[in-house]
Amino acid sequence: MSRRSRSASPDPRVTKRARLDHLTPEDFKNGIFLAPMVRSGALPTRLFALKHGATLVWGPEMVDKAILHAERVVDPVTGVISYNGKSRAMFTTHPVEKPYLIYQIGSSDPELAVQAAKTVMQDVSGIDLNCGCPKPFSTHAGMGAALLTNPDLLCSILIALREAMPPEITVSAKIRLLPSQEDTLKLVERIVNTGISALTVHCRTRNMREKDRATIERLREIVEFVEGMGKGIAVIENGDCLGWNDAQRVRAVTGASSVMIARGAEANPSCFSPTPLEDIEQTLVPPYLRLSKYLDNHWGLTKFCVAQFKAQHVNVRKADAIAMRQALAQSKGYDGMAEVVGTWSGKEELDEIIKAIETNPPRQHRLPPPPAIADESEDLDTSKITPPGTQNPEPPGSGAPFLPSNPRTVMPAMVTGHDATTPTPGGGVSVASQ
């Protein structure tokens, strides 16, 4: 696939849109958010999430050093903004998502974190510090979940970001639970006192695997603790929420201000809607491919994302769904999916997304107020609550490599029988000609 010529000049003129106020702590309340996901959190996925009701979207984690020497380049046709390394697009965004976009940084150095945030702050509305990634590529450098056991460093990064960022850029953090609830509360207290606008809690410990049930019951005490601090900070739940229709269950258990969805959105970016798309082979895959090609999204990333999509079948036959996935597995580029897509009307897809966002601004898409938290006297299934001091076995590391300039074909799980390897954040995608 050939690359369009790009311009390093200011953004092209776009139709004047209604001005949105900057994010405040209130914007993190009663919302339903797209979680930061490596590869799966690509630009097309974020745009579809916003179209279908996500209040805010987090970009994939980017290691601080990876973005520092990138060149910001604007596509004069689509408006896509790329932060390019020597051979890879480290991060891409579009102006339409800026009022709703949180950029997540992986860092273990306050100065580098600030430099990275300043590099991208003209294109985002908030900066989030990743304090929960348990993968070795992150923890071995003191980033991600390693920060949970180094609260002085964690808080120094947040303080540095808050002092360096202008007031219109929010600063937030995403953590995991510590094995001890007491230690978790102590850490949360310190984090909230750094001046953040919101705190996301992934309701698993560092050593828990994704297949382990998230211990969301533990979040209730954390929510009440933060509310008692009186700073008006939103606590966002992350872990095992499947979509809009599941969010009330999660909030009833936790009392969380908002919910953040990862795997549910990876499977279906329309899960933020009360009526998510069905028959995605017809309703989601074709427009997703059209938009991705128009935005020059790398084929390897697009193929990976589409391979994860799944939803209920109503009118699509199982044989047709399998045929589509086999075509995807065999395709080496967008042209290989021409029969599935039909007309390559990518510009129309982008225009439709922009219209949907302007007509129904995502930040107005709010969950109903959370139900009252149940009394402590009510029975809970405590057999699934992580006891204080519990240590789970360390999961094997992914050994995930950087995505090469010419990535190998990503086979869907239903064909290969196993999940594809997820590359290291900051690896980006190739900007070389395809």
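The values are calculated or read from the model by the stated rules, or taken from the named source; none is laboratory data. These numbers were taken from a predicted model, which means no experiment stands behind them. Neighbour counts run over all protein chains shown; Cβ positions are idealised from the backbone, glycine included. We work out accessible area using only protein heavy atoms, side chains counted, and drop any ligands, DNA or RNA first. Shrake-Rupley method; radii C 1.70, N 1.55, O 1.52, S 1.80 Å.
List of remarks:
- Taken together, E278, E227, E217 contain a single residue that is closer than 24 Å to I191 by Cα and either out of contact with any Leu (no Cβ under 8 Å at 6 or more places or on another chain) or of a type in the set (A, V, I, L, M) (or both), which is E227.
- For Y334, the criteria (1) modelled with pLDDT of 95 or more; (2) open to solvent by 20 Å² or more (accessible area, probe 1.4 Å) hold in every case but one, which is (2).
Every residue, every condition in (1) open to solvent by 10 Å² or more (accessible area, probe 1.4 Å); (2) under 19 Å from G195 (Cβ atoms), yes or no:
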site	(1), (2)
Q104	no, yes
S107	no, yes
Q115	yes, no
V120	no, no
L129	no, yes
C133	yes, no
S138	no, no
G142	yes, no
I157	no, yes
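- Residue in the stretch 157-179 that is touching a residue at least 40 places away in the same chain (Cβ under 8 Å), basic (K, R), in contact with a helix residue (DSSP H, G or I) (Cβ under 7 Å, 6 or more places away or on another chain) and within 22 Å of V57 (Cβ to Cβ) present: yes
- Residues of the stretch 268-294 classified as in a loop (DSSP other than H, G, I, E, B), farther than 18 Å from A35 by Cβ and aromatic (F, W, Y), total: 0
- Qualifying residue in the stretch 238-245 (condition: under 18 Å from A262 (Cα atoms), in a helix (DSSP H, G or I), out of contact with any helix residue (DSSP H, G or I) (no Cβ under 6 Å at 6 or more places or on another chain) and not aromatic (F, W, Y)): yes
- Output for the stretch 186-205, where each listed residue is in contact with a Ser or Thr (Cβ under 8 Å, 6 or more places away or on another chain) and part of a loop (DSSP other than H, G, I, E, B): I196, S197
- 2 or more residues among the hydrophobic types (A, V, I, L, M, F, W, C) and under 22 Å from the mean Cα position of the chain (by Cα): qualifying strands (runs of 3 or more DSSP E) within the stretch 69-185: 88-93, 101-106, 126-131, 170-177
- Residue check, G228 at pLDDT 95 or above, under 18 Å from S172 (Cα atoms), out of contact with any Pro (no Cβ under 8 Å at 6 or more places or on another chain) and small (G, A, S): no
- Conditions (1) modelled with pLDDT of 95 or more; (2) in a helix (DSSP H, G or I); number of the one not met by V235: (2)
- Check on L289, of a type in the set (A, V, I, L, M, F, W, C) and crowded, with 23+ Cβ neighbours inside 10 Å: yes
- When each of K86, K65 is tested for being open to solvent by 20 Å² or more (accessible area, probe 1.4 Å), free of Cβ contacts under 8 Å to residues at least 24 places away in the same chain and more than 29 Å from G243 (Cβ to Cβ), the lone residue that passes is K86.
- Note on the stretch 302-331: among residues that are surrounded by 13 or more Cβ atoms within 10 Å (Cβ to Cβ) and outside any helix (DSSP H, G or I), the one that is nearest to the chain's Cα centre (by Cα) is F309.
- Boolean, Q364 is under 22 Å from the mean Cα position of the chain (by Cα) and free of Cβ contacts under 8 Å to residues at least 12 places away in the same chain: yes
- The residue pairs whose first member lies in the stretch 226-245 and is free of Cβ contacts under 8 Å to residues at least 12 places away in the same chain, whose second member is among the small types (G, A, S) and assigned to a strand (DSSP E or B), and whose beta carbons are closer than 9 Å, counting only pairs six or more residues apart or on different chains, do not exist in this structure.
- Note on the stretch 159-187: among residues that are aliphatic (A, V, I, L, M) and over 14 Å from L129 (Cβ atoms), the one that is least open to solvent (accessible area, probe 1.4 Å) is L177.
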